[in-house]
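Inspection log for the structure reproduced underneath, given as structure tokens.
The values are calculated or read from the model by the stated rules, or taken from the named source; none is laboratory data. Because the structure is predicted, anything quoted here is derived from the model rather than measured. Here the Cβ positions follow ideal geometry from the backbone for every residue, glycine too, while neighbour counts run over all protein chains shown.
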Amino acid sequence: MVRTGKLKLGVVAAGLAVVLAVTVLALLATQPADAASKYKVVTRTFSNSQPITIPLGGGAATPYPSEKNASGFKKGRILDANLTLKTFSHTHPDDVDVMLSHRGVNRTVMSDVGGSGDALNIALKLDDEATLPLPDEAQLTGGTFKPTNFGGLEVFPAPAPTPSGLAELSGFDGKNPNGPWQLRVADDFSGHDGGQLAGGWSITIKARVLR
């Protein structure tokens, strides 16, 4: 009888251990799914339609910077960002430098592109995942291109952050998307060419947010 009692106790203890192990494994298996369910991915576009005038004599455009506030991303983290320059015209696009900045990060997304051929009322979407960069010397046409900086460490008129010299918009990934985004446009040659972004610009942000 004593041996039988010990055997039963051992069986019960082993059974409890199995149940406990299964319960722990089930909890561990559901934790990632539960964590993932707390978040969703959203994409929103924020536009500033105020025209930006690029002066004939070189220097900073007006306004400088052009700013747009992004909001509504709850506990947001950027997964991807794309920039659109709207209705861009210039008689010597190679002179135009464009910087996008947000939360201490800046990218020279366009510099020394397009050569001397006139750009006339074109839309340029800058997307890291695009197939081609902006052209160096060929005439600019509308379309989707990789952010492109042929100028290296361009000098932007004050007040501007120290340029990183980098072009890729992925530099904003992981940042909180909320808050002001600033676009600085400048002409780096004091000649007789000028232009504008008649339609302003927009930033499209894909972000992970809390549900």
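From Leu140, Leu83, Leu124, Leu79, which residue is within 18 Å of Leu166 (Cβ to Cβ), buried (at least 16 other Cβ atoms within 10 Å of the Cβ), touching a strand residue (DSSP E or B) at 6+ places or on another chain (Cβ under 9 Å) and in the same structural domain as Asp173 (by TED's automatic domain parsing)? Matching residue, one of Leu140, Leu83, Leu124, Leu79: Leu83. For the stretch 40-81, the set of residues classified as basic (Lys, Arg) and under 16 Å from Met99 (Cα atoms) consists of Lys68 only.
Residue-level analysis places Thr204 among those that are of a type in the set (Ser, Thr, Tyr), within 24 Å of Tyr64 (Cβ to Cβ), out of contact with any helix residue (DSSP H, G or I) (no Cβ under 6 Å at 6 or more places or on another chain) and outside any loop (DSSP other than H, G, I, E, B). Note on the stretch 66-156: enclosed strands (runs of 3 or more DSSP E) holding 2 or more residues that are of a type outside the set (A, V, I, L, M, F, W, C) and in contact (Cβ under 8 Å) with a residue 24 or more places away in the chain are 66-70, 77-90, 96-102, 105-111, 119-126. When Asp173, Asp94, Asp127 are screened for being within 21 Å of the chain's Cα centre (by Cα) and farther than 19 Å from Gly199 by Cα, only Asp173 passes.
Residues in the stretch 167-210 that are of a type in the set (D, E, K, R), more than 19 Å from Gly151 (Cβ to Cβ) and either in contact with a Leu (Cβ under 8 Å, 6 or more places away or on another chain) or not assigned by TED's automatic domain parsing to the domain that holds Phe46 (or both): 3 in all.
When Ser116 is tested against the conditions (1) over 22 Å from Ser49 (Cβ atoms); (2) among the small types (Gly, Ala, Ser); (3) buried (at least 16 other Cβ atoms within 10 Å of the Cβ); (4) in contact with a helix residue (DSSP H, G or I) (Cβ under 9 Å, 6 or more places away or on another chain), the lone failure is (3). Kindly establish whether Asp187 is over 28 Å from Gly57 (Cβ atoms) and either touching a residue at least 24 places away in the same chain (Cβ under 8 Å) or surrounded by fewer than 14 Cβ atoms within 10 Å (Cβ to Cβ) (or both). Answer is no for this residue.
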